[in-house]
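Down below is the structure, laid out as C-alpha cells.
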Amino acid sequence: MKGDRVRLARIGLGFSQQQLATQVGVSRQAIAAIEAGTSDPSLRVAIALARALSVAVEELFSPTIEYPEVGATSIAPQLTASRADFACVDGRPVALPLAGDHSITVGFSAAGAVVSSVFGENITLTQNRETAPALIIAGCDPALALLPSIFAHVDPRIACLWWPASNSEALSLLRNGLVHVAGFHVADGMSYPHVDAQLFFFARWREGIAYRSKIPTPALLEQGLRLANRQPGSEARHMVDQFLGELGVADEAVAGYDSSLSAHALVGSALASGLADFGVTIEPVALEFGLQFQSYASEEFLLAVPEVFVATPEVRALFRALTSQELRSQLSAIRGYLQVERSGEPVT
C-alpha cells in the first residue's frame, strides 16, 4: 500500500508524523490519513513528501503492480516448492523450483515468483517482480554460482540462473530444451558425450576422495567411518562405487552410503562439520573446507551451448562473463581451479 511506503520511509529517517508534517507544510492529521491510505496527497504534497523523505515520488506513490500468472514447465517435476525462479528458453517458460538444496545459499535464495499450482511438470507461477531476460545454466561446478553477480556487471539487462545438476541431468535438460547451457566434466583420456552443441571451456580441476583425517580403509569403514554420498546417477557417486570396489567393500557395509547430497559444496560442508568422514568432491571444495584430498581424476569442465542460442542476448552475456577479468580473477583466487585463463575458449 502507498501509505505503508510513506510510513516506512518516515520511520526509517526517525521522523514523527508531526515532524514530517511540519517539513511538508500540512497537518499531522493529513500525514496520518496518507499513511492510513484514506487520503491521496495532491501533487504539491506528494513532491514535498518525496523531498522530505529523500526518495523519488514514483517510489512512494507508483501503483502496486499486479503480475499475471504464468504457465511454465518445471525443470524438476519431482520437487514440491512454494517458490521458483523462471525464464524463457527459446520462448518456452521454464520454472526452477526452489526447494531443499536448491532453495539455499547460506540463507534462503531470493525467488522471482511464488508457486500457485502444480500439475505434473506444469507449474503456475505468480511473479514477485518485473521479468527480465535470463540465461538458465545447469551443471555441478560450484563456480557457476559466480556468474549471476558477474552478469550484473557485464550486462545488467540479463539475469543468470544456475541449476546445480549432474552431468547426465544437465545434458538431459539441454536436450529437452529446458536450459540454455549445460555444464559437464570429462576426465582426461575420456571422450566427450554426444551433444548437439558448441563446447566452451570453463575450468579444469581434480576430482577425488575428500576426508577429514584418515583416508578410508576396509578396517576404518568396518569401524563406522561415515560417507557423505552424492545423488544416484551422479558421476561422483560412480566414483564412490569405484573406490569401494577397489577396497573390496560392499555398499551396504558403508555407513551413510544411502545419503544423497546434490552438490559438491554440500559434501565439503558435511565433512567439515563432522556429520560425515569422507566423500567424493572436487579439489577446490576440499581445499576451501580445509579437508584432506586424494585425487582420482583430472577433469575439464565444459559448457555446451546449442547453435540456436549462440547469438542470443543471454548467451552473448555469458560469453562476456566467461572472458571477463572478474571471473578469471575470482577463479584464480579459489585454490584448485586450473587453466582459468582459458574460460570461454571454444573447444573442438
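Only residues that are part of a loop (DSSP other than H, G, I, E, B) and among the small types (Gly, Ala, Ser): list them for region 298-328, please. Walk me through it before giving the result.
If we filter region 298-328 for residues that are part of a loop (DSSP other than H, G, I, E, B), which is where we start, we get 306, 310-312, 323-324.
Passing the criteria: ALA311, SER324.
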Inset, instruction - May I ask you to list the residues in region 317-348 that are surrounded by fewer than 17 Cβ atoms within 10 Å (Cβ to Cβ), without any contact (Cβ under 8 Å) to a residue 24 or more places away in the chain and of a type in the set (Lys, Arg)? - result: none
Inset, instruction - Scan region 231-253 and give yes if some residue there is hydroxyl-bearing (Ser, Thr, Tyr) and more than 20 Å from the chain's Cα centre (by Cα), otherwise no. - result: no
Inset, instruction - Please state which of the following conditions ARG157 fails to meet, knowing it meets all the rest: (1) outside the structural domain of LEU178 (by TED's automatic domain parsing); (2) surrounded by fewer than 20 Cβ atoms within 10 Å (Cβ to Cβ); (3) not in a helix (DSSP H, G or I). - result: (1)
Legend entry - Test: THR80 is β-branched (Val, Ile, Thr), in a loop (DSSP other than H, G, I, E, B) and either in contact with a His (Cβ under 8 Å, 6 or more places away or on another chain) or under 24 Å from GLN231 (Cα atoms) (or both): yes
Inset, instruction - Assess whether LEU173 counts as being crowded, with 16+ Cβ neighbours inside 10 Å, in the same structural domain as ALA321 (by TED's automatic domain parsing) and under 26 Å from LEU146 (Cα atoms). - result: yes
Legend entry - Condition met for ARG328 (in contact with a Ser or Thr (Cβ under 7 Å, 6 or more places away or on another chain) and modelled with pLDDT under 95): yes
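If we keep just the residues of region 41-59 that are in contact (Cβ under 8 Å) with a residue 12 or more places away in the chain and surrounded by fewer than 16 Cβ atoms within 10 Å (Cβ to Cβ), which is nearest to the chain's Cα centre (by Cα)?
We begin by selecting, within region 41-59, every residue in contact (Cβ under 8 Å) with a residue 12 or more places away in the chain; these are 41, 45-46, 48-49, 52-55, 59.
If we keep only those that are surrounded by fewer than 16 Cβ atoms within 10 Å (Cβ to Cβ) too, we end up with 54, 59.
Details: SER54: 34, GLU59: 29 Å.
The extreme case among them is GLU59.
Name every residue in region 14-27 that is assigned to a helix (DSSP H, G or I) and either within 47 Å of the chain's Cα centre (by Cα) or of a type in the set (A, V, I, L, M, F, W, C) (or both), in order of residue number. Talk me through it step by step, then tell me what you get.
Of the residues in region 14-27, the ones assigned to a helix (DSSP H, G or I) are 17-24.
Across region 14-27, the qualifying residues are GLN17, GLN18, GLN19, LEU20, ALA21, GLN23, VAL24.
I'm checking my understanding of the structure. Among residues of region 266-294 that are among the polar types (S, T, N, Q) and in a strand (DSSP E or B), which one is surrounded by the most Cβ atoms within 10 Å (Cβ to Cβ)? Outline the logic, then answer.
Our first condition is that a residue be among the polar types (S, T, N, Q); within region 266-294, this holds for 269, 273, 281, 292, 294.
If we keep only those that are in a strand (DSSP E or B) too, we end up with 281, 292, 294.
On the way: THR281: 31, GLN292: 14, GLN294: 15.
Going through the qualifying residues, I end up with THR281.
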Legend entry - Index of the failed condition, VAL179 passing every other in (1) at pLDDT below 95; (2) part of a loop (DSSP other than H, G, I, E, B): (1)
Inset, instruction - Could you give me the residue pairs with C-beta distances under 7 Å whose first residue belongs to region 252-278 and is farther than 18 Å from GLY233 by Cα, whose second residue is in a loop (DSSP other than H, G, I, E, B) and aromatic (Phe, Trp, Tyr) wherever it lies, and which are 6+ apart or on separate chains? - result: GLY268/PHE289; SER269/PHE289; LEU271/PHE289; ALA272/PHE289
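The values are calculated or read from the model by the stated rules, or taken from the named source; none is laboratory data. Keep in mind it's a predicted model, so treat the numbers as computed, not measured. Counting neighbours? That spans all protein chains shown, and the Cβs are built from the backbone with ideal geometry, glycine included.
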